[in-house]
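Nothing in this text is a laboratory measurement; each read-out follows from the coordinates by a stated rule. Keep in mind it's a predicted model, so treat the numbers as computed, not measured. Ideal geometry is used to build each Cβ from the backbone, glycine not excepted, and the neighbour counts take in all protein chains shown.
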Amino acid sequence: MYCSVLATTNINNNNGGFSAHLIRKNSPNSPLYKHKNNKVHRRLMGPNTPGSRMKIDPGSGEHIMKFSMGTPPFDIYAIADTGSDLLWTQCQPCKACYKTNFGVFDPRKSSTYRNITCRASDCRLVALSRPLDYQPNFCRENPKGPCLYRYAYMDTSSSTGALAKETVTLTSTTGKVVTLKDIIFGCGNENNSTITGTEMGVIGLGRGPLSFVSQIAPYVGGKRFSHCLVPDPNIESKIYFGNGSEVLGEGVLTVPLFDEQPGGSNYYVTVPGITIGNDFVPFNSTGTLLTKGNMLVDSGTPMTYLPQEFFDRVVAQLKKTVELESFISPEDSTLCFNSTTVPKFPTVALHFEGGGELPLNETQLFQRNEETKAFCFMMVNTTTEDYGTFGGSLQIDFLIGFDLDTKVVSFKPTNCANFNKS
């Protein structure tokens, strides 16, 4: 299989799963807090897939997962991303690495680091895990050489290096230590990033065979995980892996995942439209937008994006329903409403394939702009996509479960600040 796990007493003996903390990047509790950066949109570019369908947004709404790599352990702060597969970090010796404030992992100092060669079956997994490029020409010419990869982004950010295996250690929410052996990761020694001084890599939670979720599945009870994102950046969120991560009880909405392509990393669902007040606004009314798999559920993107055509209909309905002066923010092009007090917004619900409806509250939909004192809509337009992105702001105060085996995603309204599965 992909990895082996040292099942010590620190893994939940009742169910085999475990949980970890997620730290908001802009939280005072985050080690990255003092290194604020402008919001940049990264779009993964794969060799055989439309790059525009994969997105990471390293804005302040990202969540960081802390873990350690190697023996002795070296601390890593990585973006937890449901929109990609690979776990990667910068590695010494660096040919070209971007600057960070937390050092760079040196595999030469670890007794548990293992190279993956071109001949290894694990190397072939790269070709199945788009948008990775495993440099097939190099492997044909150097079958005993290292299994090379390249992860590229639309904003020119990239990570290039060799796949390897290493021991990953993390502290669970119960304070116990979880040790995971032989985790496949990208050891990047040529990395270029428009973000510097912050994240040390990415922990991919996607659907492909190289994702962290897929690798640990045989040892925690299956390919499933859930997370509960807290609105207050001062409070840590939680993520649950394996058995015990199920989303159960009353009020659960479960919808099917759309299979975009074999080996695809992303979690797509089908959204026919949205209800605002008493009116239904269709996602696709002209036939120019996607009708299946038209919404990407992505925790790595703070904002929610709608295709321009759908966005225009949503904004028009909001303006019609909210009887307040509105304007478009010049800072980030969001729709804002002027009000000195919290206004009464209409009821809003997202519709899913199969007839399910997901009510959205004001905290998820609107945010107070401290400079203008206006209330701004947390959905924005995209002019380059025919699909939408269900971003992190809409995921606040939902327990959201991803089950890769049954190919469903589940939503349950939850007070995440007070929620604890363990």
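Structure summary
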quantity: Too-long pairs where the Cα-Cα distance tops 24 Å, listed order kept, from Lys292/Lys320; Lys66/Lys181; Lys25/Lys319; Lys165/Lys238; Lys66/Lys412; Lys66/Lys223; calculated: Lys292/Lys320; Lys25/Lys319; Lys165/Lys238; Lys66/Lys412
quantity: Charge-dipole axis of the range 253-418 as Lys and Arg at +1 and Asp and Glu at -1 on Cβ define it, positive-most pick from Pro343, Leu306, Ile396; calculated: Pro343
quantity: Amide H within-cut-off set for Phe398, under 5 Å, with H built and near neighbours excluded; calculated: Leu229, Thr414
quantity: Using a Förster distance of 45 Å, the FRET efficiency for Ser285-Ala120 (Cβ separation, nearest 0.05); calculated: 0.35
quantity: Unit charges on C-beta of K, R, D, E only; dipole of the range 212-332, Debye; calculated: 420 debye
quantity: Full-extension gain in nm, Asp332 to Glu309, via 0.36 nm per residue minus C-alpha separation; calculated: 6.4 nm
quantity: Charge dipole (debye, nearest 20) of the range 282-366; +1 at Cβ of Lys and Arg, -1 at Cβ of Asp and Glu; calculated: 200 debye
quantity: 3J(HN,Hα) from dihedral phi, the range 199-210, Karplus parametrisation 6.51/-1.76/1.60, rounded to Hz, x for glycine, proline; calculated: 5, 9, x, 9, 10, x, 10, x, 8, x, x, 9
quantity: Alpha-carbon spread of the range 253-418, three principal axes, descending order, Å; calculated: 49, 43, 30
quantity: Packing-based order for 387-400, 329-342, using average beta carbon neighbours within 10 Å, highest first; calculated: 387-400, 329-342
